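So the structure is just underneath, and the comments pick up after that.
The values are calculated or read from the model by the stated rules, or taken from the named source; none is laboratory data. Small disclaimer: the values here were computed from a predicted structure and weren't measured. Virtual Cβ from ideal backbone geometry, glycine too; neighbours counted across all protein chains shown. The accessibility values were calculated without ligands, DNA or RNA, using every heavy atom of the protein model including side chains. Shrake-Rupley method; radii C 1.70, N 1.55, O 1.52, S 1.80 Å.
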Amino acid sequence: MAKTIIELKRADLTLGSAAASVHVLKGIDLTIAAGESVGIVGPSGSGKSTLLMVLAGLEKLDSGEINVSGTPLHALSEDHVADFRGRNIGIVFQSFHLIANMTALENVAVPLELANLPNPFEIARRELKSVGLGDRLNHYPGQLSGGEQQRVAIARALAPSPALLIADEPTGNLDTDTGRQIADLLFSKQAERGMTLLLVTHDTALAKRCSRQIRVRSGQIEGDSAPAQPEAAIA
């Protein structure tokens, strides 16, 4: 039986305050096994991105428990959660979140330096080559296409060798062909390294490539399906 990497128990979260408050997550229970690829889908405002942020340790629950690789994130201080995240969780965002005045190499290496991991620039160089950017190491984000910027972001997420890779609408800012290439890259890296992949997407075709789909509506899990055979990557 596969080892559990994520366990969410009675997860509850309200964002905002007073009249502007929104009950975003409503007592969610969720278990995810190591090595799974999970697509989280649902209408806008359903709570799916907030759920992903909780799983990444970027949002703290009001109540309930979140355990990642056996570590109770709900019981840790913000600093300890940040340290754990930096070493164990890779995150890819829709809008890349690269630092404009740093080269691709620096964008990947600096988080490794901040996490006190050894050989940050050597690792960064290797990861950028692995995503097809070996000839773009010294280019700045403004000199790169959208697809290349997302490849830098993926290299940065992969650099600490995380057990968990989280992607929030990773193809949302890209054209169809480039988005397909980025999706292929994410799934190939997940398979190659045996990571758990969680992604939020509005793209049903992308979600169907996952081994499991979770549908969120109104802050609750409405459906949880595991297709018999994940859709093959498109070359």
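Counting only heavy atoms of the protein chains, get the accessible area per residue of the chain (1.4 Å probe) and round it to a whole Å² value.
Value for the chain: 47 Å² per residue.
Consider a paramagnetic label point 7 Å from the Cα of residue 110 along Cα→Cβ; state which residues of region 141-158 have an amide N under 13 Å from it.
So the set is 141-142.
Could you check how much of the accessible area of region 53-182 is carbon and sulfur, as a whole percent, using a 1.4 Å probe?
Carbon plus sulfur share of accessible area: 47 percent.
Stretched out fully, how many nm does the piece from residue 135 to residue 173 gain, at 0.36 nm a residue minus the Cα gap?
That works out to 11.4 nm of additional length.
Rank by packing, highest mean first: peptides 213-220, 167-174, 60-67, 135-142, with packing defined as the count of other Cβ atoms within 10 Å averaged across residues.
167-174, 213-220, 60-67, 135-142
Quick query: amide H of residue 224 versus all other amide H atoms, modeled in the peptide plane; which residues come in under 5 Å with a sequence gap of 5 or more or a different chain?
215
Report, largest value first, the span of the C-alpha coordinates of the chain along each principal axis, in whole Å.
If we take the Cα atoms of the chain, the spans are 47, 42, 39 Å.
Residue 157: net charge of surrounding residues, Cβ under 13 Å, Lys/Arg +1, Asp/Glu -1, itself excluded?
Result for the neighbourhood of residue 157: +4.
Quote the charge dipole size of region 17-106 about the Cα centre in Debye, to the nearest 20; the model charges only the Cβ of Lys and Arg (+1) and of Asp and Glu (-1).
200 debye
Would you pull out the residues with amide H under 5 Å of residue 63's amide H, same chain only if 5 or more places away, H placed 1.01 Å from N?
The answer is 12.
May I ask for the net charge around residue 50, where only other residues with Cβ less than 14 Å from the Cβ of residue 50 are counted and Lys, Arg are +1 while Asp, Glu are -1?
Local net charge: -1.
Cα-Cα pairs above 18 Å in region 21-97: how many percent?
Every Cα pair in region 21-97 considered, those over 18 Å come to 44 percent.
Helix 120-130: angle to the longest alpha-carbon principal axis of the chain, degrees 0 to 90, nearest 10?
So the helix axis and the longest Cα principal axis differ by about 90 degrees.
Enumerate the calculated ³J(HN,Hα) couplings along region 58-70 in order (Karplus 6.51 cos²θ - 1.76 cosθ + 1.60, θ = phi - 60°), each rounded to whole Hz, writing x wherever the residue is Gly or Pro.
Result, rounded to whole Hz: 9, 10, 9, 5, 6, 7, x, 10, 9, 10, 10, 6, x.
Please give the contour-minus-distance gain from residue 218 to residue 184: 0.36 nm per residue of separation, less the Cα-Cα distance, rounded to one decimal in nm.
Here the answer is 9.2 nm.
What value, in deg cm²/dmol to 500, does the helix sum -39500 (n - 2.57) over DSSP H runs of n ≥ 4 give at 222 nm once divided by the residues of the chain?
Per the formula, -10000 deg cm²/dmol.
Any idea what the relative contact order of region 1-137 is, in percent, if you count C-alpha pairs under 8 Å spaced at least 6 apart?
RCO, region 1-137: 20 percent.
Would you mind checking the tilt of helix 146-158 against the longest principal axis of the Cα atoms of the chain, expressed as 0 to 90 degrees and rounded to 10?
70 degrees
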